[in-house]
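In what follows, a structure is listed as structure tokens, so that the remarks can point back to it.
The values are calculated or read from the model by the stated rules, or taken from the named source; none is laboratory data. Please read these numbers as outputs of a predicted model, since none were measured by experiment. Neighbour counts are summed over all protein chains in view; Cβ atoms, including those assigned to glycine, are modelled from backbone coordinates with ideal geometry. Just so you know, the surface numbers come from the protein's heavy atoms only, side chains and all, with ligands and any DNA or RNA stripped out. Shrake-Rupley method; radii C 1.70, N 1.55, O 1.52, S 1.80 Å.
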Amino acid sequence: MAAAHLLAASASSSSTAAFRPPLRLRSPTHTPHLRLNRTGRRPFPVVRAAETDAKDAKPKAPEKAPAAGGSSFNQLLGIKGAKQETDIWKIRLQLTKPVTWPPLVWGVLCGAAASGNFHWTVEDVAKSIVCMIMSGPCLTGYTQTINDWYDRDIDAINEPYRPIPSGAISENEVITQIWVLLLAGLGLGALLDVWAGHDFPIVFYLAVGGSLLSYIYSAPPLKLKQNGWIGNFALGASYISLPWYKLFFCRWAGQALFGTLTPDIVVLTTLYSIAGLGIAIVNDFKSIEGDRALGLQSLPVAFGMETAKWICVGAIDITQLSVAGYLLSTGKLYYALVLLGLTIPQVVFQFQYFLKDPVKYDVKYQASAQPFFVLGLLVTALATSH
């Protein structure tokens, strides 16, 4: 019966044989639309192409793909131009974006310096290292991983080759990593409180607060990142921006570890969180396509790229000028002048890179300008300790 149907179909299609290639029978177990990764799982999301005639099928190269022969170094740092990797531990490291750790280390140093109680003893250095591990690899890694997890729909549009949307790492592996990093960070926070002899576990609660804010920024139902103003300010307050985040929290953690939180520290770090709003916006430009497609009201989507660029640089520059003015008003002239001097190259790089094209030059801009911003944080911390 099946043979008769095939013969009939062959006869009826003879008139069009010149225009259509012959059909090739495939094994029923073969599924051409399914591309498996190293774990045997299909990538997220799976797009099933409609079955068409050969004349309608036109192969189309992906619009966004990593550069051929990507860099292994970029892969380990978790930045653009990364090599496609199959080693699960390298992929796990990539999700934590180690390139974002140094500012966290710097934040701890700023807090320790601002306390005025840090000494170059073995114990104080050991405490600082533990605090840096808590703030960088653990809690920064947690925040980056959970953000990538809840951004997998956006990344499937903007960067489909990233570990989660490409299927290079499984759902269970990602969720396990999130929990391990979070619990390790909170555990180290509790350890630091005991080590420092705190009656109230201030470092632990700062870790809890920063982690909670990171969660509600990325995760539903609140998902603060859906609202440009609230989301970016929360991001700035908690971690200054995805590549530079948790500096605000880390400085408080370093301050609390070696001293007490004074009103000056709270006011100045709150001001810097406004600058964090601007730095957070930098990262929104590269995601504008996915944000717009999924209805996320980031500031570049809400106001357009031109207006959002000026909001970004205005928040960064005006904040630092305000902090310099505050230092000047408290009689700390030299610190204020140094901070102003560190602001000038940031403005230069804003015009040279960011304001020209915030998508094309985002990495160059951040690599050039942000070190001066972070140095300004240290100058402010030293000013408050004297």
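Which condition breaks for SER273 when tested against (1) in contact with a Phe, Trp or Tyr (Cβ under 9 Å, 6 or more places away or on another chain); (2) at pLDDT below 75?
The one condition SER273 does not meet is (2).
Which condition from (1) touching a residue at least 24 places away in the same chain (Cβ under 8 Å); (2) farther than 21 Å from TRP101 by Cβ; (3) open to solvent by 40 Å² or more (accessible area, probe 1.4 Å) is the one that PRO345 breaks?
PRO345 satisfies all of (1) touching a residue at least 24 places away in the same chain (Cβ under 8 Å); (2) farther than 21 Å from TRP101 by Cβ; (3) open to solvent by 40 Å² or more (accessible area, probe 1.4 Å) except (3).
Give the residue that is farthest from LYS309 (Cα to Cα), with candidates limited to residues of segment 348-386 that are aliphatic (A, V, I, L, M) and open to solvent by 50 Å² or more (accessible area, probe 1.4 Å).
Going through segment 348-386, the residues aliphatic (A, V, I, L, M) turn out to be 348, 355, 359, 363, 367, 369, 374-375, 377-379, 381-383.
Subset that is open to solvent by 50 Å² or more (accessible area, probe 1.4 Å): 348, 359, 363, 367, 375, 382.
On the way: VAL348: 15, VAL359: 11, VAL363: 15, ALA367: 17, LEU375: 23, LEU382: 31 Å.
It comes out as LEU382.
Which condition number in (1) modelled with pLDDT of 85 or more; (2) open to solvent by less than 60 Å² (accessible area, probe 1.4 Å); (3) of a type outside the set (Val, Ile, Thr); (4) touching a Phe, Trp or Tyr at 6+ places or on another chain (Cβ under 9 Å) is the one that CYS131 fails?
Unmet condition: (4).
Please go through segment 199-219 and pick out each residue that is assigned to a helix (DSSP H, G or I) and of a type in the set (Phe, Trp, Tyr).
To start, the set of residues in segment 199-219 that are assigned to a helix (DSSP H, G or I) comprises 202-218.
If the condition is that a residue be assigned to a helix (DSSP H, G or I) and of a type in the set (Phe, Trp, Tyr), then PHE204, TYR205, TYR215, TYR217 are the ones that fit.
Assuming LEU257 fulfils every condition listed in (1) farther than 17 Å from LEU377 by Cα; (2) in a helix (DSSP H, G or I); (3) at pLDDT 65 or above apart from one, which condition is it?
Unmet for LEU257, out of (1) farther than 17 Å from LEU377 by Cα; (2) in a helix (DSSP H, G or I); (3) at pLDDT 65 or above: (3).
Here is a yes/no grid of residues against (1) under 16 Å from the mean Cα position of the chain (by Cα); (2) under 19 Å from ILE88 (Cβ atoms); (3) touching a residue at least 60 places away in the same chain (Cβ under 8 Å):
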| residue | (1), (2), (3) |
| --- | --- |
| GLY107 | no, no, yes |
| GLY111 | no, no, yes |
| ASN117 | no, no, yes |
| THR121 | no, no, no |
| MET134 | no, no, yes |
| THR143 | yes, no, yes |
| ILE154 | yes, no, yes |
| ASN158 | yes, no, yes |
| SER170 | no, yes, yes |
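As an exercise: evaluate THR143 against (1) open to solvent by 10 Å² or more (accessible area, probe 1.4 Å); (2) at pLDDT below 90 and give the number of the one condition it does not meet.
(1)
Residues of segment 192-208 being in contact (Cβ under 8 Å) with a residue 24 or more places away in the chain and either open to solvent by less than 10 Å² (accessible area, probe 1.4 Å) or closer than 30 Å to ILE288 by Cβ (or both), which ones?
Listed by number, the residues that qualify are LEU192, VAL203, ALA207.
Could you check, for segment 311-332, whether at least one of its residues is over 17 Å from ILE274 (Cβ atoms), open to solvent by 10 Å² or more (accessible area, probe 1.4 Å), without any contact (Cβ under 8 Å) to a residue 24 or more places away in the chain and hydrophobic (A, V, I, L, M, F, W, C)?
Yes: segment 311-332 contains one or more residues that are over 17 Å from ILE274 (Cβ atoms), open to solvent by 10 Å² or more (accessible area, probe 1.4 Å), without any contact (Cβ under 8 Å) to a residue 24 or more places away in the chain and hydrophobic (A, V, I, L, M, F, W, C).
For segment 296-352, give me each residue that is among the small types (Gly, Ala, Ser) and either in a helix (DSSP H, G or I) or touching a Ser or Thr at 6+ places or on another chain (Cβ under 6 Å) (or both). First the steps, then the outcome.
Let us first name the residues in segment 296-352 that are among the small types (Gly, Ala, Ser), namely 298, 302, 304, 308, 314-315, 322, 324-325, 329, 331, 336, 341.
Answer for segment 296-352, where residues must be among the small types (Gly, Ala, Ser) and either in a helix (DSSP H, G or I) or touching a Ser or Thr at 6+ places or on another chain (Cβ under 6 Å) (or both): ALA302, ALA308, GLY314, ALA315, SER322, ALA324, GLY325, SER329, ALA336, GLY341.
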